[in-house]
Number of protein chains: 4
Amino acid sequence: MAKPVCVVVGIGPKNGAAFVRTFHEAGYRVAMLSRSTELSSRLATELGGSDAKAYACDASSPKELTATFEAVRADLGEPEILIYNAGSGSWKGFDQTTAEDLDRSFRINALGMMTAAQAVLPAMRRAKRGSIVIVGATASLRGKPMTTAFAAGKAAQRSLAQSMARQFWPEGVHVSLLIVDGQIGDAGTGEAGAPAGQEVKRLDPRDISTAALALTRQPSSAWSFEIDLRPKNEPW
Amino acid sequence: MAKPVCVVVGIGPKNGAAFVRTFHEAGYRVAMLSRSTELSSRLATELGGSDAKAYACDASSPKELTATFEAVRADLGEPEILIYNAGSGSWKGFDQTTAEDLDRSFRINALGMMTAAQAVLPAMRRAKRGSIVIVGATASLRGKPMTTAFAAGKAAQRSLAQSMARQFWPEGVHVSLLIVDGQIGDAGTGEAGAPAGQEVKRLDPRDISTAALALTRQPSSAWSFEIDLRPKNEPW
Amino acid sequence: MAKPVCVVVGIGPKNGAAFVRTFHEAGYRVAMLSRSTELSSRLATELGGSDAKAYACDASSPKELTATFEAVRADLGEPEILIYNAGSGSWKGFDQTTAEDLDRSFRINALGMMTAAQAVLPAMRRAKRGSIVIVGATASLRGKPMTTAFAAGKAAQRSLAQSMARQFWPEGVHVSLLIVDGQIGDAGTGEAGAPAGQEVKRLDPRDISTAALALTRQPSSAWSFEIDLRPKNEPW
Amino acid sequence: MAKPVCVVVGIGPKNGAAFVRTFHEAGYRVAMLSRSTELSSRLATELGGSDAKAYACDASSPKELTATFEAVRADLGEPEILIYNAGSGSWKGFDQTTAEDLDRSFRINALGMMTAAQAVLPAMRRAKRGSIVIVGATASLRGKPMTTAFAAGKAAQRSLAQSMARQFWPEGVHVSLLIVDGQIGDAGTGEAGAPAGQEVKRLDPRDISTAALALTRQPSSAWSFEIDLRPKNEPW
């Protein structure tokens, strides 16, 4: 039987790569969507071409996203899992934030997420199963001066995730949101295996991806919509 | 001495007109910005042309907004108060919401608000005083299937309002957000003067505008950022 | 016609005294309930005995509270307004907080509030009008190590206020909660009348009490449940 | 090496029994604390006396709780995990809720939780590891008329959990809160293994306990404080 398909949108060296490795290891063929394929191509080679495939795609462009999901579908089949990890922002105060800054954040965090989800939902709804995990941040919950554009995009993304969850959970599609609260470190820097008592101030991307995998495995009598993740030494 | 200037963005027959009347009555010259000036021109005539002036302006266009605020400034002087009452959305499920629906909601609710605020902030910061009241809704707090686009825009707007408040309160500019929770009725349908025991299921626009006026008058030792307004018979 | 009656529970030199003065000035006869009557007796003398009356009452004792409200009713008539301003806590970490600390916070913040509200509700429900304003704090919204007992009591109080509001708003009784976020200064230290540009780091009790008075005057088409109050220079 | 110890406070036929079975299966010796030992004794017999032990203990009594934790320590050793599952409430409107109703809810939901946590914290802090999972409910987040007493106790419990988490996470003790949102069904009624498309309206206690086990296994670079759990067909 063919392996199930997982799409990861947004492939950076930290979270993105960790999502790819974790879902690959869990038995998924992984489609990697990112603007540049420099990193994702290396990952594809490392993981063996047939089970991890790189696609060049600007997640802020609905047209590119839709076309790329068509290609994924043709190459690998209908995705069972979507991890929306794209996201960026400019770090400027409210008065310095331009219409372009705000628009960019909105497109990558909110519009791109909606477009990607709309690409996978029809098949998930037909199958009455599937999982969409969205990677949010502390900024999803509140705006601060230096996160003006980023937080606005993330707040819109969270609202969209709520609307989608309320509409599609009853049909069997699990939509959830990770609130990643803290600085992200390098993979392997978390405490897994570290001596008790050691300070842990950064999120290990492997631990974030494991939390996402766990969400996709929750039984439908006890689904989570929103879970926060932060290092034990993070103040909150 | 010249009367102070209040700008109301978004002039519909309910909230918009009520904001105009209430601030006019409170001694402000009111600039009315709306796409169509049919209603605002009638209001200008009714209130006497010198103290209420209608401007045609699409709040989803930063360019038009910026130019219109220039005109307001030239005509009436620097605004002391900005009421951002523009807002709209499409009422469709997540799967039916188009990129255009989402973009429109984002532009009118979030980008337009940021642009209008950026137009009045420099003078307010120089004066170390001023008040910006943003008209939000229940959807500012959560997304539901049929509010997919509207709620995303309102969530982004609320996040922007938080970023702006945290940056400019310390400089003396009061930024606040009204969470209008319920159906809005016709002006005069509220309970003010009505017999006790009568059901009140709709918000009276006059009462909303009075709440906004009260916010602009709060002393700076006890400013509110967010207040909810709903009729006594609204379930919540 | 007899002046309407307002009961203030919790009379300290800052908020309590300010509530008394503000509602007295607004035309209410004020019943002052506090454990010690040293301050409230001075206030009674200052304001003229017939319109401000001091009662010794420990708000953490339901029995004393109930008996005192009986006395208020006999002396002054049925209260139209209740301001629940009692509240205290111990400032200890979670591990240092004793059962007694927690119980005390719970009794003064939550049980006392419920008891006081239950004493005034029957008459308010018969009249289909009345206003109950509860004085909360930042700790009403979240627990931190050094507010362990206080925050637990305030969280319980907020939950009770929500239950009460949802039950009695439709009957015409306005229940609301002030989230006082910041240090409270001396009366008169707020910015009212102060030069623009001056830092304001403390809440002026007079401004808090004015906000409470405004809540009691909201028309029932646009009632607020929860409003935050903080000085313009408070970080949040 | 001796098996690690898990204490479950509150042993009913649904959640309590599921926590016991799940942690027993995961390799823990389980101490079961409940007022009546009728059910827990049967569980002890079923699971083999040496690895599951029943204790009669009223969780609303700090004295009984403290003494019982002493006994657990003597019998089984220091607990590595505490599941606080005790909780109850009366279902009456605000006006019908008595001081006794409120006090009972407060004692079982808040005071009992603090007391149990204080009994296990010293050893956890010395070991720089341990996990405390508190079972909350939708009522932890908001009060409604018919949950007056229950919600107040649960809100206090959540506030205490926040205070405790903020204080002890940095020391290596993971404190977390499950928001169980929905009706709880019988064990085995969830969808695990059920055909896709089947409605799932109740939480399966086994799925709740599995979520708790997963929390205790989170690596400390990505700890969750609060996670919501609800059946896919639950409206929210």
Scanning region D:85-118 residue by residue, those over 15 Å from the mean Cα position of the chain (by Cα) and of a type in the set (A, V, I, L, M, F, W, C) turn out to be D:Trp91, D:Phe94, D:Ala99, D:Leu102, D:Phe106
Report those helices (runs of 4 or more DSSP H) wholly inside region C:1-110 carrying at least 2 residues which are open to solvent by 20 Å² or more (accessible area, probe 1.4 Å) and closer than 30 Å to D:Met114 by Cβ. C:62-76, C:99-106
Identify the single condition in (1) crowded, with 24+ Cβ neighbours inside 10 Å; (2) over 30 Å from D:Arg126 (Cβ atoms); (3) of a type in the set (Phe, Trp, Tyr) that D:Trp223 does not satisfy, given that it satisfies every other one. (2)
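Within region D:201-217, take every residue that is in contact with a strand residue (DSSP E or B) (Cβ under 7 Å, 6 or more places away or on another chain) and open to solvent by 10 Å² or more (accessible area, probe 1.4 Å) and give me the one that is farthest from the other protein chains (Cβ to nearest Cβ). Quick ask: steps written out before the conclusion?
Taking region D:201-217 as the starting set, the residues that turn out to be in contact with a strand residue (DSSP E or B) (Cβ under 7 Å, 6 or more places away or on another chain) are D:202-203, D:205, D:208, D:211-212, D:215-216.
Next, from what is left, pick out any that are open to solvent by 10 Å² or more (accessible area, probe 1.4 Å): D:202, D:211, D:216.
On the way: D:Arg202: 7, D:Ala211: 6, D:Thr216: 13 Å.
Per the stated criteria, the residue is D:Thr216.
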Could you tell me how many of the residues in region B:125-149 are assigned to a helix (DSSP H, G or I) and within 13 Å of chain A (Cβ to nearest Cβ)? 10
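If you scan region D:181-200, which residues turn out to be closer than 15 Å to D:Asn85 by Cα and within 8 Å of chain A (Cβ to nearest Cβ)? Spell out how you get there, then give the answer.
Start the filter on region D:181-200 by keeping residues that are closer than 15 Å to D:Asn85 by Cα, which leaves D:181, D:184.
Listed by number, the list is empty, since nothing qualifies.
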Could you please find all residues in region A:77-91 being hydroxyl-bearing (Ser, Thr, Tyr) and over 15 Å from A:Arg158 (Cα atoms)? A:Ser90
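When you scan region D:150-180, how many residues do you find that are facing chain A (nearest Cβ under 10 Å), within 25 Å of C:Met164 (Cα to Cα) and not aliphatic (A, V, I, L, M)?
Summing the residues that are facing chain A (nearest Cβ under 10 Å), within 25 Å of C:Met164 (Cα to Cα) and not aliphatic (A, V, I, L, M) in region D:150-180 gives 1.
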Just checking, does region D:159-170 include any residue being in contact with a Gly (Cβ under 6 Å, 6 or more places away or on another chain), assigned to a strand (DSSP E or B) and open to solvent by less than 20 Å² (accessible area, probe 1.4 Å)? no
Determine, yes or no, whether A:Ser176 is in contact (Cβ under 8 Å) with a residue 24 or more places away in the chain and over 26 Å from B:Ala155 (Cα atoms). no
Would you confirm whether or not region A:134-149 contains a residue that is touching a residue at least 24 places away in the same chain (Cβ under 8 Å), more than 22 Å from A:Val173 (Cβ to Cβ), within 15 Å of the chain's Cα centre (by Cα) and open to solvent by 20 Å² or more (accessible area, probe 1.4 Å)? yes
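The values are calculated or read from the model by the stated rules, or taken from the named source; none is laboratory data. Since the structure is predicted, the reported quantities are computational estimates derived from the model, not experimental observations. As a convention, Cβ positions derive from the backbone with ideal geometry for all residues, glycine included, and neighbour counts pool all protein chains shown. All accessible areas refer to the heavy atoms of the entire protein, side chains included, with ligands and DNA or RNA removed. Shrake-Rupley method; radii C 1.70, N 1.55, O 1.52, S 1.80 Å.
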